[in-house]
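**Student:** Just passing along the structure, written as C-alpha cells.
The values are calculated or read from the model by the stated rules, or taken from the named source; none is laboratory data. Quick caveat: nothing in here was measured; it's all calculated off a predicted structure. For neighbour counting, all protein chains shown are included, and Cβ atoms are generated from backbone atoms with ideal geometry for every residue, glycine included. Just so you know, the surface numbers come from the protein's heavy atoms only, side chains and all, with ligands and any DNA or RNA stripped out. Shrake-Rupley method; radii C 1.70, N 1.55, O 1.52, S 1.80 Å.
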Amino acid sequence: MDATDKAIVNRLQQGFPICAAPYRRVADELGIAEADLLSRLQALLADGVLSRFGPMYHAEQMGGALSLAALKVPEARFDEVADIVNAFPEVAHNYARNHVLNMWFVLATEQPEQVADVIAEIERRTGLVVYNMPKINEYFVGLQLEA
C-alpha cells in the first residue's frame with residue numbers, strides 16, 4: 001500500500017457520502033481522480049488488503065440478530081474448520097485468537113431464530129462445540145484502524 005491507498009482506507013472508515021456521486025466526492029476530498037479511486041479499491045479487494053467494502057447494517061433493527069461465537073479448534077484442523085465456518089453466508093467475519101477458544105466469529109442472521117440453526121449446522125459439520133455469546137448490551141466504540 002502506498003500513501004494514497006492508506007489515505008483511501010483511512011478516509012472510507014469515516015463514512016461514505018450519500019449523494020449522487022459519492023465516489024467522485026471522496027476522490028475530490030483525496031485529490032485523486034474518481035477512476036483512480038475505483039481502481040485502487042478494486043486492487044485492494046483483489047489483493048486481499050481489504051476483505052470487503054460495503055455498509056454496516058444494524059441487524060437487530062432490521063429484524064435479524066447478531067451473535068459472537070467461538071470454537072476450540074485443534075491446530076491441525078484450523079484451516080479446515082475455518083473453511084467450513086467461512087462457507088456460511090451468515091458468518092460476518094472470523095478470526096484466530098491466542099486463547100483456548102482459538103476461533104471467533106460473528107453471526108449475522110435475517111431472523112433471530114436462525115442463529116441457533118446456523119450454530120447447530122456448524123457443530124454438525126465440524127464435530128466441535130460452538131460457544132454462543134449473544135450480545136446483552138451494545139456499546140458504540142467508534143473503532144477506526146489507521147492504515
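**Student:** Suppose we keep only residues that are at pLDDT 95 or above and open to solvent by less than 20 Å² (accessible area, probe 1.4 Å) within the range 67-76. Which one would you say is nearest to V129 (Cα to Cα)?
**Tutor:** L71
**Student:** Residues being open to solvent by less than 50 Å² (accessible area, probe 1.4 Å) and either assigned to a helix (DSSP H, G or I) or not aromatic (F, W, Y) (or both): count how many of those fall in the range 77-113.
**Tutor:** Qualifying residue count for the region: 15.
**Student:** Does the range 111-129 contain at least one residue that is touching a residue at least 60 places away in the same chain (Cβ under 8 Å) and either within 25 Å of G15 (Cβ to Cβ) or not β-branched (V, I, T) (or both)?
**Tutor:** no
**Student:** Can you say whether A70 is in contact with a Phe, Trp or Tyr (Cβ under 7 Å, 6 or more places away or on another chain) and either assigned to a strand (DSSP E or B) or touching a residue at least 60 places away in the same chain (Cβ under 8 Å) (or both), as far as the supplied structure shows?
**Tutor:** So A70 passes the test.
**Student:** Kindly evaluate R11 against the criterion of being touching a residue at least 12 places away in the same chain (Cβ under 8 Å), over 16 Å from P55 (Cα atoms), open to solvent by less than 70 Å² (accessible area, probe 1.4 Å) and among the basic types (K, R).
**Tutor:** No; evaluated as a whole, the condition is false for this residue.
**Student:** Could you list, in sequence order, the residues of the range 15-32 that are of a type in the set (G, A, S) and open to solvent by less than 80 Å² (accessible area, probe 1.4 Å)?
**Tutor:** G15, A21, A27, G31
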